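Since the structure comes first, as structure tokens, the remarks are kept for the end.
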Amino acid sequence: MIIRPAVGTLILAAALAGLPLSTSLAQGSMGMTGAATPAARGPAYDPNREFHAGTDALAAGKFRPAKTKFEHVLAMIPDHPAALYLLAQAEAGLGDWRGAARDDAASLHADPHQVFAARDLALADEKLGRHDQAAAQLQKLQQRAQACGDSCAEAGDLQGAVRDVEAAMSQPDQASAKTH
């Protein structure tokens, strides 16, 4: 019986002995023949290409492909606030209000200063019949709008977001909306 040391053991032994380590050995694993083989990898995506393809699909109203593209971005950069927000947009377009609310909340967690993610979270909560959560989000937006007044760069966005949420909350009950 031949006992072969694990790759980590070989790397550690080479480092301790001060020996140069081949790149293929450091990145791969030992096969049956003892030769180094490349490490297995999943699909490789370019996050910039996926992000731009997602925004193009979203702009074209192709929500399912947009969702897939933003999920690819998030597989590589998990807390990307813009990708989370746009994923929520795609889910809202598909009628998945729970998913939209979840991803808007995650986007706000990654960057709490976003106006549109806060607005959309309140709108998704309202669609889901979670009036208390929508009202709490509206109150946060109102406080930010009041603190900002007309003096900050996002004043118009905040005022518009407050109007949008107030309008949605004044509509008849929307709890019957599709809630995946």
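We did not get these values from a lab; they are worked out from the coordinates using the rules stated. What you are looking at is a predicted structure, and each value in this text was computed from that prediction instead of being measured.
A few comments on the model shown:
- Three-way shape label, region 53-110, alpha-carbon gyration tensor, a/c 1.5: oblate
- Paired Rg and Dmax values of region 118-166, which use every Cα atom, in angstrom: 10.7, 34
- Full-extension gain in nm, Ala153 to Tyr45, via 0.36 nm per residue minus C-alpha separation: 35.4 nm
- The shape of region 68-180 comes out oblate: with a ≥ b ≥ c from the C-alpha gyration tensor, a/c is at least 1.5 while a/b does not beat b/c.
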